[in-house]
Amino acid sequence: MSLEKNNLIEILEEGHKVDIVKYIDYVSAPQAGAIATFSGTTRDTFEGKTVLELRYEAYVPMATRYLSSICTSARSNWDIHKIAVAHRLGPVPVGETSVFIAVSSVHRGDGLDACKFLIDELKASVPIWKKEVYTNGEIWKENSEFMEKRLELAEKRLENAESLVKKHDEIGEHKRSCCGSKVRVQEDEE
């Protein structure tokens, strides 16, 4: 559990259910006119396959640090009072909650936007892995948000590399000697 700067972050060990009321109570405050929530639950089918349960594993210390960082980012973008994030580990049967987020804010817009940001970033970057267990097999799943984030980061790296190459080329046009423009090389005319 991590409790800092009005954030409650919990990665729940196997066998512990998400207590939605606990997290809503945590974010509740007289100055908060809105509480936005997201509850991710195990559904019974995926792409035509019958789902029995989801199983989650995590690198808990890193997951907690990532979640804390995501909460800090949310606070820098929206006027938020308190944030609670909980994620279960182990098996999560159909109909049960695996992840829950609650955000309190003065106005609903900030709370709703921050809540969406938090779940999207959690799924894209926090080291929590999901296995879907079907009646006819199981598979580890990679979130589409994770893949999108990876593509976005790769594109940024490519843009940065192209920018560095362009700067290098521009410098190269103006700097022909080791001393740059401070030394002028005069060529002999024959």
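The values are calculated or read from the model by the stated rules, or taken from the named source; none is laboratory data. Since the structure is predicted, the reported quantities are computational estimates derived from the model, not experimental observations. Quick note on the areas: whole protein, heavy atoms, side chains included, nothing else; ligands and nucleic acids left out. Shrake-Rupley method; radii C 1.70, N 1.55, O 1.52, S 1.80 Å.
Here are some notes:
- Legend: residue pairs Lys5/Lys131; Lys82/Lys131; Lys49/Lys141; Lys5/Lys116; Lys82/Lys130, Cα-Cα distance threshold 22 Å; pairs beyond threshold, Lys5/Lys131; Lys82/Lys131; Lys82/Lys130.
- Scattering profile of the stretch 43-122 at q = 0.21 Å⁻¹ [log10 I(q)/I(0), Debye over alpha-carbon scatterers]: -0.95
- Potential extension, Ser69-Arg43 segment - 0.36 nm per residue separation minus Cα distance: 6.5 nm
- Per residue accessible area in Å² of the stretch 10-141, where ligands, DNA and RNA are left out and the probe is 1.4 Å: 50
- Taking all protein chains as they are arranged and a probe of 1.4 Å, the heavy atoms of Leu52 leave approximately 90 Å² accessible to solvent.
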